[in-house]
Amino acid sequence: MLELIQSVSRAEIYLKTDPVRPHISGAMRLAPGRQMYHLNEEAFLCTVHLDRVPDTEEQLLSCDIGSIVVAYTVWSLKKGMGRTILLEALKMIEEHQFDRFVTLSPKTDMATKFHLSNGAELIAENPHSNNFEYFLNK
């Protein structure tokens with residue numbers, strides 16, 4: 001079961017293992033409209049609720065709060081747990097009043113294969129990122 005990380009000091013410990021966006025502080029990850037989750041301390045997922053789909057990290061950090069859930073980093077310390085935490089988050093999001101679940105992903109083969117193999121659709125290719133969407137069953 002997903003566990004919400006609520007302590008900035010705890011987030012700071014975990015984000016040291018984030019291979020995608022380790023430079024985003026724990027305080028920023030836990031600011032209003034932002035969450036950081038873990039699954040058995042083996043997989044981690046950071047999300048933000050925005051009013052639009054961001055195509056840059058700057059937009060990710062500055063857009064207004066809204067009903068689009070954006071996953072901007074997912075990583076695991078154990079094989080297969082990245083998929084597990086993402087699918088658990090998808091279930092949780094489907095139970096709430098959110099419009100969409102999208103990603104702001106690095107432009108890497110690994111990220112592309114990960115999201116496509118987990119059921120997402122590539123919705124935008126940006127100069128420095130890709131956006132994938134996981135369609136909600138409502």
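Derivation of every value follows stated rules applied to the coordinates shown; laboratory data play no part. Here the structure is a predicted model, which is why all the values come from computation and not from measurement. Don't worry about glycine lacking a Cβ; one is built from the backbone with ideal geometry, like all the others, and counts go over all protein chains shown.
Mean separation of Cα pairs under 8 Å and 6+ residues apart, divided by the residue count of the range 3-134: what relative contact order is that in percent?
20
Under a Cβ-only charge scheme (Lys and Arg +1, Asp and Glu -1), can you give me the dipole magnitude of the range 3-134 about the Cα centre, in debye to the nearest 20?
380
Going by how many other Cβ atoms sit within 10 Å of their own, how do Met110, Met92 line up, fewest first?
Ordered from fewest to most neighbouring Cβ atoms within 10 Å, Met110, Met92 come out as Met110, Met92.
If you project the alpha carbons of the range 3-134 onto the principal axes, what extent comes out on each, in Å, largest first?
Largest first, the range 3-134 extends 34, 33, 31 Å along its Cα principal axes.
When only DSSP loop residues count, what chymotrypsin sites (Phe, Trp or Tyr not before Pro) in the range 46-138 have their Cβ near at most 14 other Cβ atoms within 10 Å?
Of the chymotrypsin sites (Phe, Trp or Tyr not before Pro), the ones in loops of the range 46-138 whose Cβ has at most 14 other Cβ atoms within 10 Å are Phe135.
Mind listing the Cα extents of the range 65-116 along all three principal axes, in Å, largest one first?
Dimensions of the range 65-116 along the principal axes of its Cα atoms: 30, 22, 17 Å.
Which of the GluC sites (Glu not before Pro) found in the range 78-138 are loop residues per DSSP with 10 or fewer other Cβ atoms within 10 Å of their Cβ?
Glu95
Report, in deg cm²/dmol and to the nearest 500, the calculated mean residue ellipticity at 222 nm for the chain, where each DSSP H run with n ≥ 4 adds -39500 (n - 2.57) and the sum is divided by the residue count.
So the helix-based figure for the chain works out to -8000 deg cm²/dmol.
Check the straight Cα-Cα distances from Lys78 and name the aspartates and glutamates below 18 Å, setting aside those fewer than 8 residues away within the same chain.
Result set, ordered by chain and number: Glu3, Asp18, Glu41, Glu42, Glu88.
What ranking do Leu77, Leu86, Leu39 get, fewest neighbouring Cβ atoms within 10 angstrom at the top?
In increasing order of surrounding Cβ atoms, one gets Leu77, Leu39, Leu86.
I'd like to know which of Ala27, Ile65, Ala11 lies farthest towards the positive end of the charge dipole of the range 1-110, counting +1 on Cβ of Lys and Arg and -1 on Cβ of Asp and Glu.
Positive-end residue among those listed: Ala11.
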